[in-house]
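Values in this text are rule-based calculations from the coordinates and carry no lab data. All figures in this text were calculated on a predicted structure; none of them were measured in a lab. Quick reminder, even Gly has a Cβ in these numbers, built from the backbone with ideal geometry, and neighbours come from all protein chains shown.
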Amino acid sequence: MDFIFIEELRLDTLIGVYDWERHRPQTIQLDLEVGLRDASAAASDDVADTVNYGALVERLRVMAAESSFLLIESLAEEISRIVLEEFRGAWVKIRVTKLGLMRDTKRVGIVIQRGKRPQ
């Protein structure tokens, strides 16, 4: 399987369960691996045959700016839905990181995988 990856994408969104987190957007960091359905893009040299990572990044920016989540788990699930349904990824691995949230902790977050990853 071929993969597209996006690393250290920073987005601002309203996220958190505590009142102090809900007053202004927080910066989160995303790392994604997206499995392609096939290798046709390599043969065709056409962006229409792959996951357009520029369009995906822009879609995620808009979603983050317009959305509000209590849990990073919910945010990760919405990202997986966008990748798999709107961008036709075969499989996705998503790492959502909240930066500098807790004292003495550099980052906290979650990693999820959705879709079917071929062996």
Return a whole-number percent for the relative contact order of the range 3-115, with Cα pairs under 8 Å and 6 or more residues apart as the contact set.
29 percent
Can you list residues from other chains, or at least 5 along the same chain, whose modelled amide H is less than 5 Å from the amide H of Leu101?
Val108
Return, for the Cα atoms of the range 1-67, the radius of gyration and Dmax in Å, separated by a comma.
15.6, 51
Per the helix-only calculation at 222 nm, which mean residue ellipticity applies to the chain, given -39500 (n - 2.57) for every DSSP H run of n ≥ 4 and division by its residues, nearest 500 deg cm²/dmol?
-7000 deg cm²/dmol
Between the range 64-80 and the range 19-59, what's the alpha-carbon centroid distance in Å?
14 Å
For the chain, the Cα gyration tensor yields equivalent-ellipsoid semi-axes (√(5λ), largest first, whole Å) of 29, 14, 12
Can you give the charge dipole size of the range 45-103 about its Cα centre, rounded to the nearest 20 debye, using +1 on the beta carbon of Lys and Arg and -1 on the beta carbon of Asp and Glu?
480 debye
Size of the dipole of the range 3-115 about the Cα centre, Lys and Arg at +1 and Asp and Glu at -1 on the beta carbon, nothing else charged, in debye to 20?
440 debye
Can you give me the distance in nm between label points at Trp20 and Ile110, each placed 7 Å from the Cα along the Cα-to-Cβ direction?
2.2 nm
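From the mean inverse distance of alpha carbon pairs (Kirkwood) and the Cα radius of gyration, derive Rg over Rh for the range 70-119. Please report the intermediate quantities before stating the final value.
Values: Rg = 12.9 Å, Rh = 11.9 Å.
Reported Rg/Rh, Kirkwood definition of Rh: 1.09.
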Run the paramagnetic zone check for Leu9: 7 angstrom along Cα to Cβ, then residues of the range 27-43 with backbone nitrogen under 17 Å.
27-37
